[in-house]
Amino acid sequence: MSQKRAVVSVIGKDQVGIIAKVTTILADNHINVLDISQTILQDFFTMMMLVDVSELEDLEELQTAFDKVSNELGLKINIQLEEIFQSMHRV
Amino acid sequence: MNLAFAEIQETIRMVQMESLDIRTVTMGINLRDCADSDFEKMNTRVFEKITSYAAKLKETAEQVEKEYGIPIINKRISITPIAEILGNATVEQAVELAKTLDRAAKELGVDFIGGYSALVHKGITKGDQTLLDALPEALSTTERVCASISVATTRTGINMDAVRQMGEIIKKASELTKDRNGIACAKLVVFCNPVEDNPFMAGAFHGSGEGEAVINVGVSGPGVVLNALKRHPDADLGQVADVIKKTAFKITRAGELLGRIVAERLEVPFGIMDLSLAPTNAMNDSVAEILEEIGLERVGTHGTIAALALMNDAVKKGGAMASSYVGGLSGAFIPVSEDNGMIRGIMDDALTLSKLEAMTCVCSVGLDMIALTGEVSAATLSAMIADEAAIGMINKKTTAVRVIPVPGKKEGEMVEFGGLLGRAPVMGVNPFSSDRFVSRGGRIPAPLQSLIN
């Protein structure tokens with residue numbers, strides 16, 4: 001079976017413990033992080049993670065877990081399947 | 001990561017800040033096999049067929065929406081033009097059928113079902129006439145049923161008998177819903193050169209060249225285009241076209257991917273992608289504001305047609321490169337009540353009815369969601385339809401009229417239609433009569449296709 005990959009994006013005000021909280025959720029769900037990149041743009045924290053979701057039936061559970069952290073820290077956290085980015089930006 | 005950070009950021013920005021969305025996933029369903037001389041049988045079959053074919057439409061679309069993180073705003077259904085299966089049904093039965101469609105839409109949780117339609121651009125059959133007679137009541141007693149009537153095509157000319165009737169029907173539908181600002185008319189489109197695979201309401205129907213069922217997708221994104229242009233304030237018009245084209249390309253690719261996945265999961269063939277810039281009343285989701293960003297102080301001023309032509313064509317070019325099957329209306333919609341920029345143009349007296357008419361020569365549809373004074377006569381409405389049909393017929397393009405005479409309201413007043421339909425300033429019409437022209441009836445012959453100056 002080919003790998004199913006998704007992009008986790010985190011955008012919001014920089015603060016302590018963002019990466020820790022997000023990766024904890026991923027670890028709890030047995031999801032492997034394939035790549036990670038992060039910058040601070042005008043005080044805004046942006047992080048993108050490429051994760052392997054081949055084992056996952058649907059992303060809803062994960063999104064619900066992220067939503068909890070989103071509300072707690074005032075961040076926007078989304079998980080989207082990778083193909084959407086591929087198809088929009090690559091011919 | 002083989003995807004660049006900037007690319008991911010761009011997509012996220014488009015969705016979260018610039019209201020990129022899939023405007024509609026529309027399932028087309030053929031109802032021809034539901035026809036029966038026994039009305040009750042037909043009525044039951046129509047309901048059952050629609051509710052079984054589209055049973056999973058909403059659920060599936062919502063699932064895909066979650067997985068890919070791009071909102072799919074509307075899930076809709078288009079059906080075989082109902083006039084084609086009416087046969088010997090009576091007007092009352094035709095109204096009953098509209099209620100059945102309404103019920104099916106409610107049960108499925110779709111906000112609009114399109115195809116309470118008749119194609120009468122050449123002549124009117126018995127079934128067509130029944131549908132026309134049923135229209136005012138059908139539209140005023142249902143909430144989700146959308147109707148469209150084709151009164152002209154480039155190959156057949158304009159059926160002025162049908163055009164005359166449409167003026168009366170619009171007037172009557174508006175009267176029947178006078179307590180709701182004539183809202184029934186917001187669900188009725190009069191077409192010239194309609195397309196069979198349009199996923200957008202109110203003009204969607206499942207044409208006779210279509211298969212048993214199909215998924216057509218409509219993508220929008222005026223906000224994305226507007227923001228892209230804002231990043232190039234000094235570009236020349238060639239570059240402006242290029243920016244629009246590139247943006248349209250990306251939006252269409254997103255729509256195509258999601259449309260194909262929805263179609264695949266529903267085990268229905270994927271039909272077409274319709275990339276149309278369709279505004280909403282959300283902040284910065286306006287087509288008029290794009291024109292203003294190109295350099296017009298207010299939409300409607302001199303230069304509006306040129307800017308709109310540039311935009312419409314660039315959208316088509318971007319869309320055509322991004323999808324193998326571009327169809328529907330692809331271009332730009334300019335509904336008044338659903339576009340804050342258009343509303344402002346009218347309120348500032350920059351945009352007039354005649355300028356709107358001229359804009360329809362280069363946009364993708366026509367006079368759309370325009371509130372008219374309640375005093376407008378049926379003949380004036382018919383003449384307005386005839387003008388639009390003539391523009392479409394000669395220019396070989398789709399044009400449409402969806403106007404709402406608002407009973408009891410005068411020019412300059414504001415009316416609220418609520419929800420997606422928005423609000424609009426009431427516009428006046430030319431006070432001189434077109435009665436004698438409209439009452440002549442007959443058919444305006446199809447135009448010559450050469451000697452085209």
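The values are calculated or read from the model by the stated rules, or taken from the named source; none is laboratory data. Computed from a predicted structure; not experimentally measured. FYI the Cβ positions are ideal-geometry reconstructions off the backbone, even for glycines, and counts take in every protein chain you see.
Summary of values
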{"read-out": "Sole exception among (1) crowded, with 22+ Cβ neighbours inside 10 Å; (2) touching a residue at least 60 places away in the same chain (Cβ under 8 Å) for B:Ile370, by number", "value": "(2)"}
{"read-out": "Hits in region A:9-23 - residues which are free of Cβ contacts under 8 Å to residues at least 60 places away in the same chain and either surrounded by 10 or more Cβ atoms within 10 Å (Cβ to Cβ) or of a type in the set (S, T, N, Q) (or both)", "value": "A:Asp14, A:Gln15, A:Gly17, A:Ile18, A:Ile19, A:Lys21, A:Val22, A:Thr23"}
{"read-out": "Test: residue in region B:28-35 that is over 23 Å from the mean Cα position of the chain (by Cα), surrounded by fewer than 21 Cβ atoms within 10 Å (Cβ to Cβ), within 14 Å of another protein chain (Cβ to nearest Cβ) and over 30 Å from A:Ser37 (Cβ atoms)", "value": "no"}
{"read-out": "Filter result for the condition that a residue is touching a helix residue (DSSP H, G or I) at 6+ places or on another chain (Cβ under 9 Å), modelled with pLDDT of 90 or more and polar (S, T, N, Q), over A:Asn78, A:Asn32", "value": "A:Asn32"}
{"read-out": "Where B:Gln63 falls short, out of the listed (1) touching a helix residue (DSSP H, G or I) at 6+ places or on another chain (Cβ under 7 Å); (2) in a helix (DSSP H, G or I)", "value": "(1)"}
{"read-out": "Selection within region B:23-72 - touching a Ser or Thr at 6+ places or on another chain (Cβ under 8 Å) and of a type in the set (Val, Ile, Thr)", "value": "B:Thr26, B:Ile29, B:Val46, B:Ile72"}
{"read-out": "The listed residue being in a helix (DSSP H, G or I) and within 17 Å of B:Ala314 (Cβ to Cβ), out of B:Leu229, B:Leu258, B:Leu275", "value": "B:Leu229"}
{"read-out": "Members of region B:175-195 that are part of a loop (DSSP other than H, G, I, E, B) and over 15 Å from B:Asp368 (Cα atoms)", "value": "B:Thr177, B:Asn181, B:Asn193, B:Val195"}
{"read-out": "Residues satisfying the stated conditions in region B:272-302, i.e. among the polar types (S, T, N, Q) and under 26 Å from B:Gln16 (Cα atoms)", "value": "B:Ser276, B:Thr280, B:Asn281, B:Asn284, B:Ser286"}
{"read-out": "Filtered residues of region A:41-68 (kept if modelled with pLDDT under 85 and loosely packed, with under 11 Cβ neighbours inside 10 Å)", "value": "A:Leu41, A:Gln42, A:Asp43, A:Glu57"}
{"read-out": "Answer from B:Pro81, B:Pro71 - the residue that is within 14 Å of chain A (Cβ to nearest Cβ) and within 21 Å of the chain's Cα centre (by Cα)", "value": "B:Pro71"}
{"read-out": "Within region B:184-225, tally of residues that are more than 25 Å from B:Ala263 (Cβ to Cβ) and surrounded by fewer than 24 Cβ atoms within 10 Å (Cβ to Cβ)", "value": "1"}
{"read-out": "Any hit, region B:75-86, residues being modelled with pLDDT under 95 and in a loop (DSSP other than H, G, I, E, B)", "value": "no"}
{"read-out": "Every residue from region B:37-66 that is free of Cβ contacts under 8 Å to residues at least 24 places away in the same chain and small (Gly, Ala, Ser)", "value": "B:Ser52"}
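Conditions tested, residue by residue: (1) within 26 Å of B:Pro407 (Cβ to Cβ); (2) touching a strand residue (DSSP E or B) at 6+ places or on another chain (Cβ under 7 Å).
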residue: B:Ile170; (1), (2): yes, yes
residue: B:Thr177; (1), (2): yes, no
residue: B:Ala186; (1), (2): yes, yes
residue: B:Glu196; (1), (2): no, no
residue: B:Gly207; (1), (2): no, no
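A quick yes/no check of all residues on (1) polar (S, T, N, Q); (2) out of contact with any Pro (no Cβ under 6 Å at 6 or more places or on another chain); (3) assigned by TED's automatic domain parsing to the domain that holds B:Val46:
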{"residue": "B:Asp197", "(1), (2), (3)": "no, yes, no"}
{"residue": "B:Ala202", "(1), (2), (3)": "no, yes, no"}
{"residue": "B:Phe205", "(1), (2), (3)": "no, no, no"}
{"residue": "B:Gly209", "(1), (2), (3)": "no, yes, no"}
{"residue": "B:Glu212", "(1), (2), (3)": "no, yes, no"}
{"residue": "B:Gly221", "(1), (2), (3)": "no, yes, no"}
{"residue": "B:Asn227", "(1), (2), (3)": "yes, yes, no"}
{"residue": "B:Val240", "(1), (2), (3)": "no, yes, no"}
